[in-house]
1. From the protein chains alone at 1.4 Å, what is the descending order of accessible area for Arg56, Arg164, Arg136, largest first?
2. Just check segment 1-109 against the gyration tensor rule for me: Cα atoms, a ≥ b ≥ c as the square roots of the eigenvalues, rounded for a/c under 1.5, and otherwise prolate or oblate depending on whether a/b exceeds b/c.
3. Round to the nearest 10 and report in Å² the accessible area of Glu170, as given by a 1.4 Å probe over the protein chains' heavy atoms.
4. Counting Lys and Arg as +1 and Asp and Glu as -1, each charge on the Cβ, what is the dipole of segment 154-276 about the Cα centre in debye, to the nearest 20?
5. Return the long-range amide H neighbours of Ser30 (sequence gap of 5 or more, or a different chain), with a cut-off of under 5 Å between placed amide H atoms.
6. Heavy atoms only, probe 1.4 angstrom, no DNA, RNA or ligands counted: give me His146, His63, His87 ranked by accessible area, highest first.
7. Taking Cα centroids, how far is segment 120-186 from segment 1-46 in Å?
8. With the cut-off at 1.5 for a/c, could you classify segment 111-151 from its C-alpha gyration tensor as rounded, prolate or oblate?
Amino acid sequence: MPVGVILAFIAYASFSISDALIKATGPALSVFEIAFFTTTFSIIPTMLTKRGERWRDIYRLHHPYLVHLRCATAITGTACVMYAFTHIPFADVYAIGFTTPLFVTLLSVLVLREVVAVQRWVLLFVSFLGVILVIRPGLRELELGHYVIMAGACLGAVTTTILRHVAPKERRVSLIGLQVLYSGIFNGILMIPSFVLPTLEQLALLLGIGLLGGVGGLLLIQASKQTPASLIAPVQYSQLIWAILFGAMFFGEYPDWVSILGMLIVVGAGLLNVLSERRPIRWKPRVFFFRIGE
């Protein structure tokens with residue numbers, strides 16, 4: 001097995017453990033407070049890694065409006081995902097989050113004028129049907145978290161599309177640094193009305209979430225440098241396995257056979273999707289800055 005694939009498995013496992021810790025933190029802390037601390041802590045691994053760029057160049061931008069828009073969509077999307085993790089079942093969040101490629105494809109056609117093969121549209125539609133089986137609107141009551149994570153998937157698609165346009169010309173320090181700065185300001189202000197001083201246990205959880213996310217992001221970047229994206233992209237679907245495992249072990253969430261069938265359809269269509277093209281659509285199921293700064 002290529003080293004890059006192994007690193008990708010470790011990276012996505014890190015992301016899943018981080019997500020489980022977010023769910024464990026639960027509604028005891030507001031979404032904005034969780035985002036503030038975890039985003040702050042997640043920059044630590046990045047700062048310890050030599051980038052060859054100067055932080056004082058953070059505002060030297062070629063596409064300022066697009067970079068700032070990307071920060072806004074990423075920060076808002078992150079809040080949506082965190083809310084979903086703390087309010088609805090683990091597996092539901094991932095299953096709905098995996099609709100992101102559909103929205104990325106739509107935006108790539110409408111905005112970037114890219115040509116998408118017919119088989120990709122078919123596979124994305126099949127994947128969407130799998131999500132419908134998981135959430136079954138009309139057959140069971142959907143919670144606010146289901147709608148919020150769908151909004152998060154749309155925002156993630158916008159974030160990814162903007163990144164694909166600006167990444168070749170913008171500095172990494174700008175793409176990462178500005179988002180951390182704006183996230184700190186945005187979440188720091190919004191967490192004030194409901195701020196609760198974290199206990200030592202909660203602070204340890206928040207530190208773990210940030211560090212795991214930051215390390216996972218660096219591992220994913222390293223994996224992308226060593227192994228073709230076509231081999232790395234399918235690994236992201238391993239998160240559904242982690243979601244089912246963690247949901248059952250720690251949160252008493254047991255998906256029924258219809259949901260499992262829907263997840264298998266999502267994974268199968270997704271794998272065929274990323275393997276059917278030489279340049280698969282690259283996306284991330286969660287929109288933390290460290291996952292989209294590649």
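1. Arg56, Arg164, Arg136
2. rounded
3. For Glu170, the solvent-accessible surface is approximately 20 Å².
4. Rounded to the nearest 20 debye, it is 620 debye.
5. Under 5 Å from the amide H of Ser30 lie the amide H atoms of Val196, each far enough along the sequence or on another chain.
6. Highest to lowest solvent-accessible surface, that is His87, His63, His146.
7. A separation of 16 Å, based on Cα centres.
8. oblate
The values are calculated or read from the model by the stated rules, or taken from the named source; none is laboratory data. Model, not experiment: these values are computed from the prediction. Ideal geometry is used to build each Cβ from the backbone, glycine not excepted, and the neighbour counts take in all protein chains shown. Surface accessibility is based on the protein's heavy atoms, side chains included, excluding ligands, DNA and RNA. Shrake-Rupley method; radii C 1.70, N 1.55, O 1.52, S 1.80 Å.
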